[in-house]
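J.: One structure, pasted below without further comment.
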Amino acid sequence: MKIAGRSILPTVAGRGGERVITAASISRREGWARRLPLLPALVYVFVMTQIPFLLTIYYSFFSWNLLKPGSFRFSGLDNYSTLLTDETVRTAVLNTVVLTVCVIGISVILGMGVAMILNSEVFGKGLMRTLMIAPFLIMPTAGALVWKHMLLNPLYGLLPYFLTPLGLGRVDWVSRFPMATVVTVEVWRWTPFMMLIILAGLQSQNPEVLEAAKVDGANALQAFRRITLPLARPFIELGALLGSLFVVQTYDSIYMLTYGGPGSDTTNIPFLLYLVAFQGYSIGKASAIGVVAVILTIIVATFALRTLFSIFQVEARR
Amino acid sequence: MSDRKLRPPDRIVAATILGLIIALVGAACSGGAGGGGGNSATTVTLGSVDNPSMTDLKKLVPDFQAAHPGITVNIVTLPEDQIRQQVTQDVATQSGRFDLFTIGTYEVPLWAKLGWLQDLAPYIAKDSSYAPDDLIPGVRTALTYNNDLYAVPFYGESSMLMYRKDLLAAVGVTMPDHPTWDQVAAAAQKVNSSSVNGICLRGLPGWGEQLAPLDTVVNTFGGRWFDQNWTAQLTTPAWHDALTFYTNLLKNAGEPGAGSAGFTECLNAYNNGKVAMWYDATVAASFFTGAAATNSGYAYAPTKVKDWSGWLWAWTLAMGSASKKKDAAWTFMDWATSKAYANLVGTKLGWQRVAPGTRTSTYSIPQYQQASAGFAQVTLDSIGHADITHPTVDPVPYIGIQYVDITEFQQLGDQVSQEFAKVIAGTESVDAALQKANAMAQTAGNAYKH
């Protein structure tokens, strides 16, 4: 095994070196010759993602309810103007923001903590790491069902059972604290993601820097604040950014846990879109919500990327 | 920064992150691919709701095919909310993916009016043994549009009160056959203890869940959704009293976690002896096990002002007007809803499995009478007295007992029941919820004002 490993390593390195040399010398034509086989895939991806998007934009200018034949007619910006005045849309935007900020904030803090533990020399590290990743690998729907029925159900759930001595045995967590429940389930799901990214960052750190700090007389807290945190910061930001792009789209767990309720307390933008499209069958309005959601996401992503970029520049200047 | 030193771990980092992203995208994209069908003879595709009666139908399809070798039946089963969406999209776009589908009494008149359903009268006329007069009258009325049947019932239900005789007797309560809601509330209070709750009522938001029993309470309390001019009536005292009564009953003697309890949750609670009473669909009694099966009593839907407050629902088979295989489709519908089908289920799968509430003749089969001894009469009478054209005390411009038969109701009902869920959870007052619900109902009603 060892020998095999050794014999492979140089070859890999050699290949990498070759690539660098040839990459510099390929002509434009050769470049196209290399890209050409990829073109069908590119065209396929373009067709499959952009045509539905263009159709969505097209439909968003029409008043069209599936349940009302003959209702298909051009309505200009009507769908968009109703979005601005619609209270449910405002609530959904607010819920999306609350959900995303809470989930990302909490899961980054927890993920950081767990990553720190797993980065140190602790007994049973391998097992712990595997167990920690598990929530992320469970399908969101199945995870949400386990939470709803096995853990939180007031009749036979595990949590109410353990809380009975405290007089909290029959609290219906899902409908009394709907947003907190969704946040909890999503944090449970996203902490492993943050943990993995931050752990990768921590492991790329040079341990000598920490040792030097220790020699200089820094205590654990100081070392964490002045060395570990700044070094892990780009990874935290990356995790938060990637995570929020996915958490904004949370749908599965809301569908399974609360169905957007009670009232519209946990209806976020994707769930509102689902309700408008598949319960109201208002295709035009749903398309308009979709378009607005994409525009908002692009704005947020642009700002996030810009912040990230400026942070990198500051880091480089230091 | 020492860029070079970070290289190898960087690759690990990049690989980890890339792996995570691929995993996420993969998870998001992994959908099911359905469809397909045989290429021999005529294939009839049935989009069906996933309930026990339809599962039984699926099992008996080989019997049908043995008698009709020229027709292949392909049944696509999905949970209720999903089949509703799929079928709605299919018929609305007239794509003809499904030749047959299961729809409820809510959809039949609406879709018949829109021209999405095939008028079945000419087909029924062709089969002299079909006996449409044998269909239970209330159900037949619900499936009739312009004097013609547009769907045939596969399963029908009303609502009734189910109670544990032993638990009520222990606290000295006897339940009359026609109880009032006040009697039920008093009994629930009395039997309610730390180990057993008084009554289970649906609180799970959804027009087909919480709103179904609640609507029957509103109707019998004298409330209605709209007056004759389509003005929303949810701020009237009747609605206030009904909603207050329903939520208080849940608070004082109902199951814990009422906000997430639907039919299934209540069935579990009742079967496990966690609740002493349960007001729900008549079909529930077919699923009782243990003490619930042996010790249950059945009473008609409780009342206040209006008599016979039970709801009416039927799952039916309907044919899309866009179907290209109408004759083959009818042959299957005819077989699955015929008089003989009940006998087939009874002999092959067991008499307690026969779908209730469709044909009067089923109730005169001795074996079925025996299998459904306690609740057959209550079921039959409740369905018989449920009148979808006169659901309320005061006249209304709509049909439907536990729903309002307008296209907007699916969304309206879901939204309104979400507001009521907040009342049940204790985070909103009855008046505030009714104010909001009234505004939503008015928006829907405005489309019908003249």
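FYI, it's all coordinate maths here, none of it is from the lab. As the structure is a computational prediction, the values presented were derived from the model and not from experiment. All Cβ positions, glycine included, derive from the backbone under ideal geometry; neighbour counts span all protein chains shown.
J.: Only helices at least 15 Å long along their axis, Cα-based, and averaging 1.6 or more on Kyte-Doolittle count here, so list those DSSP H runs from chain A.
T.: Values: long enough: A:2-25 (36 Å, 0.24); A:39-59 (29 Å, 1.62); A:87-119 (47 Å, 1.72); A:125-137 (18 Å, 1.02); A:178-203 (37 Å, 1.17); A:229-247 (25 Å, 1.47); A:283-317 (51 Å, 1.55).
Correct list, ordered by number: A:39-59, A:87-119.
J.: Another question about this same structure. Picking from B:ASN229, A:GLN50, B:THR360, whose Cα lies most toward the positive end of the charge dipole for the protein assembly as shown (charges on Cβ: Lys, Arg +1; Asp, Glu -1)?
T.: Of the options given, the answer is A:GLN50.
J.: Of the trypsin sites (Lys or Arg not before Pro) in region B:349-450, which ones lie in a loop per DSSP and count no more than 13 other C-beta atoms within 10 Å?
T.: Details: sites: B:ARG353, B:ARG359, B:LYS422, B:LYS436, B:LYS449; in loops: B:LYS449.
Taking region B:349-450 and a limit of 13 other Cβ atoms within 10 Å, the loop trypsin sites (Lys or Arg not before Pro) found are B:LYS449.
J.: Follow-up question, since we're still on this one. Relative to the Cα centre, what is the charge dipole magnitude of the protein assembly as shown, using +1 at the beta carbon of each Lys and Arg, -1 at the beta carbon of each Asp and Glu, and rounding to the nearest 20 debye?
T.: Working: 55 positive and 53 negative charges, 663 e Å.
Using Cβ point charges on Lys, Arg, Asp and Glu, the protein assembly as shown gives about 3180 debye.
J.: Express as a percent, rounded to the nearest 5, the fraction of DSSP beta bridges in the protein assembly as shown (both residues included) that run antiparallel.
T.: On the way: 28 of 43 bridges.
Around 65 percent antiparallel, to the nearest 5.
J.: Another one. Rounded, prolate or oblate: which fits chain B, taking a ≥ b ≥ c as square roots of the Cα gyration tensor eigenvalues, rounded meaning a/c under 1.5, else prolate when a/b beats b/c? The partial results should precede the final answer.
T.: Details: a/c = 1.42, a/b = 1.05, b/c = 1.35.
Rounded, because the longest to shortest axis ratio a/c is under 1.5.
J.: Right, something else. Is region B:209-286 rounded, prolate or oblate when judged by the Cα gyration tensor, a ≥ b ≥ c being the square roots of its eigenvalues, rounded requiring a/c under 1.5 and prolate requiring a/b larger than b/c?
T.: Details: a/c = 2.91, a/b = 1.98, b/c = 1.47.
In terms of gyration-tensor shape, prolate.
J.: Additional query: How much space per residue, in cubic angstrom, does the convex hull of the C-alpha atoms of region A:60-317 take up? It would help to have the intermediate numbers written out before the result.
T.: On the way: hull volume 42.3 nm³, N = 258.
Spread over its residues, the Cα hull of region A:60-317 gives 164 Å³ apiece.
J.: If the cut-off is a Cα-Cα distance under 26 Å, which lysines reach B:LYS304, setting aside same-chain residues fewer than 8 apart in sequence?
T.: B:LYS165, B:LYS190, B:LYS251, B:LYS422, B:LYS436
J.: Got a sec? Charge dipole of the protein assembly as shown, +1 on Cβ for Lys and Arg, -1 for Asp and Glu; which of A:LEU127, A:ILE295, B:GLY70 is way out at the positive end?
T.: Of the candidates, A:LEU127 comes out farthest on the positive side.
J.: Given only helices, namely DSSP H runs of n ≥ 4 each adding -39500 (n - 2.57), what is the per-residue ellipticity at 222 nm of chain A, to the nearest 500 deg cm²/dmol?
T.: Only helices count here, giving -23500 deg cm²/dmol.
J.: Check cross-link reach from A:LYS285 to the aspartates and glutamates: straight Cα distance under 17 Å, and skip same-chain residues fewer than eight apart.
T.: Candidates past the 8-residue exclusion: A:ASP78, A:ASP86, A:GLU87, B:GLU408.
J.: How shielded is B:416-422 by partner chains, expressed as the average number of their Cβ atoms within 10 Å of its Cβ atoms?
T.: Numbers: counts 0, 2, 10, 4, 3, 8, 7.
Mean inter-chain Cβ contacts per residue within 10 Å come to 5.
J.: Enumerate the lysines that B:LYS325 could reach by cross-link, defined here as Cα to Cα under 23 Å, with residues fewer than 8 away along the same chain left out.
T.: The reachable lysines, counting only those whose Cα sits under 23 Å from B:LYS325, are B:LYS58, B:LYS59, B:LYS113, B:LYS126.
J.: On alpha carbon coordinates alone, what is the Rg over Rh value for the protein assembly as shown, Rh being the Kirkwood radius? Can you show the working numbers first?
T.: Working: Rg = 30.7 Å, Rh = 29.8 Å.
Ratio of gyration radius to Kirkwood radius: 1.03.
J.: Given the -39500 (n - 2.57) contribution per DSSP H run of 4+ residues, what per-residue ellipticity at 222 nm results for chain B, rounded to the nearest 500 deg cm²/dmol? Before the final figure, lay out the partial values.
T.: Numbers: 18 runs with 202 residues, N = 450.
Calculated at 222 nm, the ellipticity per residue is -13500 deg cm²/dmol.
J.: Okay, next question. Kindly point out which whole DSSP H helices in chain B project their C-alpha atoms 30 angstrom or further along the helix axis while averaging a Kyte-Doolittle hydropathy of -0.5 or above. Write down the numbers at each step before the final one.
T.: Working: long enough: B:7-29 (32 Å, 1.40).
TM-like helix candidates: B:7-29.
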